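Everything on this sheet refers to the single structure shown next.
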Amino acid sequence: MGNIIRSKRFWLVAPAVVYIGFFMAVPLLQMAYVSMLERGDYGGVNWGVFSMDAYISFIFERDLMDNLVVNTDYLQIFARSFGLSAMTTVFALLLGFPTAFYISTQPQSRRNFLIFLVTIPFWTNILVRNYAWMLLLRNGGLIDGALNWMGIETGGLDVLYTPYAVSIGLTYTYLPFMVLPIYASLEKLDHRLVEAAFDLGADKRRAMTRVILPLAAPGIAAGCILVFIPCLGAYVTPELLGGGKFMMIANLIGSQFGAARNWPLGAGLGFVLLALVLISMMVYSFKFKSLPEESR
Amino acid sequence: MSEVVISAKSVGKTFGSGVDKVTALDDVSVDIFQNEFFTMLGPSGCGKTTLLRLIGGFEQATSGQILLEGKALNDLPPYKRPINTVFQSYALFPHLTVRQNITFGLEMQGIARKQADDRAEEMLELVRLAQYGDRVPSQLSGGQQQRIALARALAPAPKVLLLDEPLSALDLKLRKEMQVELKRLQTETGITFVFVTHDQEEALAMSDRIAVMKSGEILQVGAPREIYEAPTHRFVADFIGDSNFLVGNLVDDGAGKHAIKLGGGQVIELTQEVSGQRSGEVTVSVRPERLGLVAESKANANHLVGTVSTVIYFGTDTTYQIDLGNDALLTVRMQNGSGAKADFAQGERVGITMSPDSIRVLAD
Ligand SMILES: Nc1ncnc2c1ncn2[C@@H]1O[C@H](COP(=O)(O)OP(=O)(O)OP(=O)(O)O)[C@@H](O)[C@H]1O
Ligand SMILES: [Mg+2]
C-alpha cells in the first residue's frame with residue numbers, strides 16, 4: 001500500500017478516485033442508511049430510528065389486524081419492468097445487429113459516417129425526443145395519419161400510453177448502446193475467418209450462425225447489458241409514453257420520494273434493484289468466462 | 001501425365017475502374033493435373049493470390065473461365081466447390097477447439113458426428129498432433145497452427161488444396177521441416193496441391209511443376225529442372241537462381257545451325273533450336289556453374305576468352321568474374337576440392353568452356 005501511494009501513478013488517478021469515491025460511494029451509503037430507517041410522517045426519515053419496514057413492505061403489507069400478508073404490487077412492477085426491459089432489449093437486438101453488421105461490411109470511410117449517424121439521437125434532449133414520439137404515436141398522429149392516408153383503417157392506433165409505446169421509445173433511446181458494441185466486435189472480426197467458413201462448405205446462414213455470431217457474442221452480450229440495465233431504470237419514457245398509467249421501477253421509486261412520502265421504501269427499492277442487477281451481471285461474467293480467450 | 005483437374009482458360013482479372021484500374025491477371029491459361037504438386041512462383045504483386053482466389057471462388061474472373069474436371073466453375077460459390085484452402089494467416093476459428101476446427105468442414109457436408117470425430121483423429125495423426133485435439137488455436141505455436149490449418153483443409157478430402165504462402169510466417173528451420181511435411185502429405189493423400197510462393201528454392205524443392213508468373217502473366221510452366229536449366233524468358237532465368245546474360249547478334253550459318261556474335265567479335269555456338277523468325281539482337285543466358293575456366297594457352301577456337309576481374313572464394317566453390325571486353329561480364333562458379341586444378345588470379349587471361357546445351361536463347 002505504501003508503495004502505491006508513493007508512486008507517481010497514484011497521484012495521477014487520485015482526483016478521479018476521490019471524486020468517484022466521494023460522489024458515488026457516499027450517496028450510495030447514505031441511501032443504504034435511509035432505507036433502514038423509519039419513515040417520517042411528512043416525508044423524510046426519523047434519523048436514528050432503525051426499521052426494516054422498507055424491505056418487509058416490498059413483499060408484505062400489514063392488514064387491519066397488524067398481520068403480515070403478501071402484497072405483490074411492488075413485485076408486479078418489478079416483474080413488469082424486467083419484462084418490458086427484456087422486450088426492449090430483444091427489439092434493440094433485432095434492429096441493432098443487422099445495422100451493426102451492415103455498417104461493418106461498408107468501406108472504412110463510409111463506416112465512420114454511418115456510426116456518426118447512429119449516435120445523432122444522443123445529441124438531442126431526451127424529453128424532446130420523447131415528446132416527438134408522442135406526436136408520432138398518438139391517435140391521429142403522424143403514423144396513424146399516414147396509415148389512414150394509405151387506406152389502412154386503423155380506427156385510432158391506440159398505441160400511445162401502452163407498454164408497447166414505452167418499449168418503442170426505449171428501443172429508440174437505447175439502440176445506439178446496442179449497435180456500438182456489436183459493431184466494435186464485428187469490426188475487429190477477421191474477414192478471413194468468414195472466408196475460411198465458406199471455404200469449408202458453410203453457406204451464408206451457417207457462416208453467420210457458426211462463425212460470425214459466436215465471435216460477436218461478447219459484443220452482443222455487452223450491447224444487451226447496456227440496453228437492459230438503463231431500461232430498468234428508465235423514468236422519463238414510461239412517464240411520457242406510458243402516460244403515467246404504466247409504472248416502471250424508477251417511477252415507483254420517484255413516487256416514494258415524492259407523493260407517497262416514503263423515503264425508506266424508495267431507497268430500499270433502489271437497493272433491491274441494485275442487487276438484482278449485480279446478480280445478473282455476475283451470471284453474465286460467469287457465463288462468458290467459459291469462452292476461449294481469443295473471442296472475448 | 002494424368003487427367004486435368006483445374007484448367008484456366010484465358011483468365012483475366014481487373015480490380016477497380018478508371019484511373020484506379022489494376023490488371024491483376026492478364027489472359028492466363030494453365031492446366032493443373034491430378035495428383036500433382038503445382039507451384040505458382042513470382043514476385044510480390046504478380047497475381048498469385050488472385051489466381052488462387054479465383055480458383056477458390058472468392059473472386060470472380062473478369063474474363064475467361066476456370067474449369068474443374070472439365071466443368072466451368074463460373075458462379076459457383078466457394079462453399080459449393082470441392083476445393084479447400086490453407087490460408088496464409090491460417091484463419092483457424094478461435095472459438096472452436098482444434099478438433100472442432102477440423103470437423104467443421106465435415107459437419108458442413110452433413111457427416112455424422114462420430115464419423116467426423118474419427119476423421120479428425122485420423123487427420124491429427126497425419127499432421128502428427130494427435131494429443132492436441134482439445135486445445136484451442138491460441139494455445140498452439142505457429143508451426144502447430146499451420147499443421148492444424150492443413151488438417152482442417154484436408155479433412156473433407158477436397159479434389160484440390162490451395163495453399164497461399166503457407167510457410168512464409170515460419171522461421172527458416174521450421175519452414176524446411178514443413179516443406180518436407182507438405183510434400184509427404186501430398187504424396188500420402190494424393191490430393192492435387194496448388195501452392196503459392198515467392199521463394200524460388202521452396203518452389204524448386206517441392207514442386208512437380210512450377211508456373212513462373214510476372215505482372216499478371218504466366219511466363220513459363222515446367223518441371224523444376226526444366227525451369228532451371230531451360231528458362232524461356234530473361235525474367236525466369238533471373239528470378240530463379242543466378243544467371244549470366246549476354247547480348248549478341250543471332251547469326252545463321254545457312255545449314256540450320258545458329259551462333260551468337262558478341263559485341264567484341266567473339267562467337268558462341270548454339271545447339272538449341274531457334275525459331276526461324278528470330279534474327280538480330282538476342283539475349284542468351286547461361287548458369288555460372290555450367291561454365292569452366294582454362295588457362296589461355298589451352299583455349300581453342302571454341303572458347304570465349306577474357307580477363308579475370310574478381311575472384312571470390314566461398315569455401316565449397318570459387319566465383320570468378322570474367323571481363324569479355326565491350327562491357328560483357330561473365331560470372332563463373334567452379335567447385336573447389338576434388339581434382340579441381342582451377343586457380344586463377346586476378347588479371348589473368350583465361351579461356352571459358354561451356355557446353356552448348358547450357359546456353360539458352362531467351363524470349364524478350
Ligand atoms: N481487392 C483488390 N483491389 C485492388 N487491387 C487488388 C486487389 N487484390 C489484388 N490487387 C492487385 O492485384 C495485383 C496482384 O495481387 P496479388 O495479391 O494477386 O499478388 P501476389 O502475387 O499474391 O503478391 P504477394 O506475393 O505480395 O502476395 C496487385 O497489384 C494488387 O495490388
Ligand atoms: Mg499473395
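Computed from the coordinates by the stated procedures, all read-outs in this text should not be read as laboratory data. It should be emphasised that the depicted structure is a prediction, and the values quoted were computed from it without experimental measurement. A quick note on method: Cβ atoms are made from the backbone with ideal geometry, for glycine too, and the neighbour counts reach across all protein chains shown.
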* Round to the nearest 10 and give me the degree value, 0 to 90, for the angle of helix A:26-35's Cα axis relative to the longest principal axis of chain A. => 50 degrees
* Determine the dipole magnitude for the stretch A:54-175: charges of +1 sit on the beta-carbon of Lys and Arg, -1 on that of Asp and Glu, nothing else is charged, the reference point is the Cα centre, and the result goes in debye to the nearest 20. => 720 debye
* Asked: So what is the 222 nm mean residue ellipticity for chain A from helices alone, if each DSSP H run of at least 4 adds -39500 (n - 2.57) and you divide by all residues, rounding to the nearest 500 deg cm²/dmol?
  -> -21500 deg cm²/dmol
* Structure fact -> Reduced to Cα centres, the span from the stretch B:280-350 to the stretch A:135-177 in Å works out to 92 Å
* Selected from A:LYS188, A:LYS245, A:LYS204 as most flexible by GNM, with chain A as the system and alpha-carbon contacts under 10 Å -> A:LYS204
* Could you list A:MET178, A:MET52, B:MET178 in order of exposure, starting from the residue whose Cβ has the fewest other Cβ atoms within 10 Å? => A:MET52, B:MET178, A:MET178
* Which whole-angstrom value gives the distance between the alpha carbon centres of the stretch A:18-50 and the stretch B:123-181? -> 63 Å
* **FRET efficiency estimate (nearest 0.05) - Cβ-Cβ, A:THR105 to A:PHE22, R0 45 angstrom** => 0.45
* **For the stretch B:214-230 versus the stretch B:1-61, the gap between their alpha-carbon centres in whole angstrom** => 15 Å
* Return the distance in nm (one decimal) between the two label points of a simple spin-label model at A:ASP190 and B:THR316, each offset 7 Å from Cα along Cα→Cβ. => 3.7 nm
* Structure fact -> Counting other chain Cβ atoms within 10 Å of each Cβ in B:84-96 and taking the mean gives 6
* Which of the lysines could a cross-linker span from B:LYS183 if the Cα-Cα distance has to be under 17 Å and same-chain partners fewer than 8 positions apart are dropped? -> B:LYS159, B:LYS173
* Cα-based helix-to-principal-axis angle, A:213-232 vs chain A, degrees rounded to 10 -> 30 degrees
* Once every DSSP H run of n ≥ 4 in chain B is given -39500 (n - 2.57) and the sum is divided by its residues, what mean residue ellipticity at 222 nm do you get, rounded to the nearest 500 deg cm²/dmol? -> -7000 deg cm²/dmol
* **Ratio of Rg to Rh over chain B (Cα coordinates, Kirkwood Rh, two decimals)** => 1.07
* Structure fact -> Here, A:ILE56 and B:GLU122, labelled 7 Å along Cα→Cβ, have an inter-label distance in nm of 7.3 nm
* **Beta bridges per DSSP with both ends in the protein assembly as shown, % antiparallel, nearest 5** => 75 percent
* What residue among A:LEU64, A:LEU278, A:LEU137 has the largest mean-square fluctuation in a Gaussian network model of chain A, using Cα springs under 10 Å? -> A:LEU64
* Please work out whether chain A counts as rounded, prolate or oblate from its C-alpha gyration tensor, where a ≥ b ≥ c are the square roots of the eigenvalues and a/c under 1.5 means rounded, while otherwise a/b larger than b/c means prolate and anything else oblate? => oblate
* Pick out, from B:ALA223, B:SER44, B:ILE148, the residue whose Cα sits farthest towards the positive end of the charge dipole of the stretch B:4-234, with +1 on the Cβ of Lys and Arg and -1 on the Cβ of Asp and Glu. => B:ILE148
* Point-to-point label distance, A:ASN46-A:MET282, nm (Cα→Cβ direction, 7 Å offset) -> 3.4 nm
* Asked: Relative contact order, percent, of the stretch B:112-163 when contacts are C-alpha pairs under 8 Å separated by at least 6 residues?
  -> 38 percent
* To do: Using +1 at the Cβ of each Lys and Arg and -1 at the Cβ of each Asp and Glu in chain B, identify which of B:HIS95, B:THR14, B:MET206 lies farthest towards the dipole's positive end.
  => B:HIS95
* Once you've got the Cα coordinates, tell me which of A:LYS287/B:LYS80; B:LYS48/B:LYS71; A:LYS204/B:LYS21 are over 24 Å apart. => A:LYS287/B:LYS80; A:LYS204/B:LYS21
* Asked: When chain B is treated as a GNM, springs tying every alpha-carbon pair under 10 Å, which of B:ALA120, B:ALA301, B:ALA255 comes out with the largest mean-square fluctuation?
  -> B:ALA255
* Quick one: helix B:113-126 against the long Cα principal axis of chain B, what's the angle to the nearest 10°, folded into 0 to 90? -> 30 degrees
